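Here's the structure we're looking at; comments come further down.
Values in this text are rule-based calculations from the coordinates and carry no lab data. None of the values given here were measured: they were computed from a predicted structure. Here the Cβ positions follow ideal geometry from the backbone for every residue, glycine too, while neighbour counts run over all protein chains shown.
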């Protein structure tokens, strides 16, 4: 049976791809984010008071305090084999890719003083025959936790390659 998924790729399932740690979130960060997001309209007052951030807030938008990846990815962020490069295994060598969608769940709110850790892992592979040949569906899961270990956000992203 023909497949794009090698034994090395199967063995990399669950591997950590990247890890990022934010600087402590400040009230000013939340306000800046709200002002930029709602511009030219005024943001809702709840975000200007900044007791907690909106669910879509990104503590990594301006800077990252620390980051690491387990593999060696090249400089091309759009390389079709980038996921496997980050996982430290050879990729399938497919040429084309497109975004297959995202699912996001929100948990604890982000509050001033929080330090957010993002861990992105290789979740699964599946294949399906398409009009242009065998397609490879790759799912990664990015989990954000705060300094207390509470899940703030979990995003599952699907990449389709052929």
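Going by what's in this entry, would residue 4 be described as surrounded by 14 or more Cβ atoms within 10 Å (Cβ to Cβ) and either within 16 Å of the chain's Cα centre (by Cα) or closer than 20 Å to residue 152 by Cα (or both)?
Answer is no for this residue.
Of the residues 128, 121, which is farther than 20 Å from residue 61 by Cβ, in contact with a strand residue (DSSP E or B) (Cβ under 6 Å, 6 or more places away or on another chain), part of a strand (DSSP E or B) and without any contact (Cβ under 8 Å) to a residue 12 or more places away in the chain?
128
Restricting to the stretch 64-105, give me the number of residues that are in a loop (DSSP other than H, G, I, E, B), touching a helix residue (DSSP H, G or I) at 6+ places or on another chain (Cβ under 8 Å) and either without any contact (Cβ under 8 Å) to a residue 60 or more places away in the chain or at positive phi (or both).
Total meeting the criteria: 7.
Kindly indicate whether any position in the stretch 140-152 is surrounded by fewer than 16 Cβ atoms within 10 Å (Cβ to Cβ) and within 27 Å of residue 1 (Cβ to Cβ).
Scanning the stretch 140-152 turns up no residue that is surrounded by fewer than 16 Cβ atoms within 10 Å (Cβ to Cβ) and within 27 Å of residue 1 (Cβ to Cβ).
Can you pull out the residues in the stretch 14-63 that are surrounded by 14 or more Cβ atoms within 10 Å (Cβ to Cβ), under 21 Å from the mean Cα position of the chain (by Cα) and assigned to a loop (DSSP other than H, G, I, E, B)?
Residues satisfying the conditions are 15, 22, 23, 25, 53, 54, 57, 58, 59, 60.
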